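Quick notes on the structure that follows.
Read the figures in this text as sums done on the coordinates, not as results from a lab. From a predicted model like this one, the values you see are computed outputs, not experimental measurements. Counting neighbours? That spans all protein chains shown, and the Cβs are built from the backbone with ideal geometry, glycine included.
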Amino acid sequence: MSKSVLQFAMLFLGMLLAQIICNRICLFGVAVPIVFIYFIIRLPMNMSANWVMFLSFLLGLSVDIFGNTQGMNALASTILAGSRRWVFSLYFPREDDMTNPVPSIRSLGPVVYAKYMVTAVLLYCMAVFLIQAFTLRHFEITLLRIVSSTILTFFVLLGIDSIATTRRSEKRL
């Protein structure tokens with residue numbers, strides 16, 4: 001088994017466990033940290049679209065099973081996986097220029113990576129909260145949940161990314 005496959009398997013399990021813990025957190029009754037999508041965001045860009053969709057669906061379904069959310073996360077994760085390459089191409093038009101196929105601060109730069117991550121998190125939050133509401137009756141509350149969860153998730157994912165990047169760079173020294 002290659003080193004990168006093992007790393008992504010550990011990331012898959014780690015993000016699943018982190019999300020199970022984060023499912024209990026709801027700031028001010030509206031903001032929920034959605035940490036498991038970090039796995040989907042960090043999948044290599046040269047990975048087959050079928051594998052990305054399958055792994056995203058599997059991770060979303062696992063979160064649904066532990067969170068009792070009836071497939072909402074599986075659907076939203078699959079939507080994010082399907083649009084991930086499009087979101088990436090908005091901010092980084094030529095994948096050939098990437099030195100590393102895994103999106104990160106190092107490979108994309110902080111500004112491009114932050115834009116990519118915010119857009120992906122916003123897309124996921126819009127999908128999951130609109131699926132959850134399934135109506136436009138209380139649109140203001142749904143919009144507040146989308147915006148606040150996007151902001152909270154973005155900062156949590158930046159923290160996770162800085163920890164993961166620091167550990168990798170310390171090992172190299």
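Under the combined filter of DSSP loop state and at most 15 neighbouring Cβ atoms within 10 Å, region 1-83 retains these trypsin sites (Lys or Arg not before Pro): R24.
Taking label positions 7 Å along the Cα-Cβ direction at both N46 and H138, the computed distance is 4.8 nm, reported to one decimal. Angle of helix 72-91 to the longest C-alpha principal axis of the chain, folded into 0 to 90 degrees and rounded to 10: 50°. Tabulate in residue order the Karplus-calculated ³J(HN,Hα) for region 44-55, using 6.51 cos²θ - 1.76 cosθ + 1.60 with θ = phi - 60°, rounded to whole Hz; enter x for Gly and Pro. Result, rounded to whole Hz: x, 6, 8, 6, 4, 4, 5, 5, 4, 5, 5, 5. Rounded to whole Å, give me the distance from the Cα center of region 1-69 to that of region 105-149. Centre-to-centre distance over Cα atoms comes out at 16 Å. To the nearest 10 degrees, how steep is helix 139-172 against the longest Cα principal axis of the chain, on a 0 to 90 scale? Roughly 20 degrees, rounded to the nearest 10. Axis of helix 110-133 versus longest Cα principal axis of the chain: the two differ by about 30°, to the nearest ten degrees.
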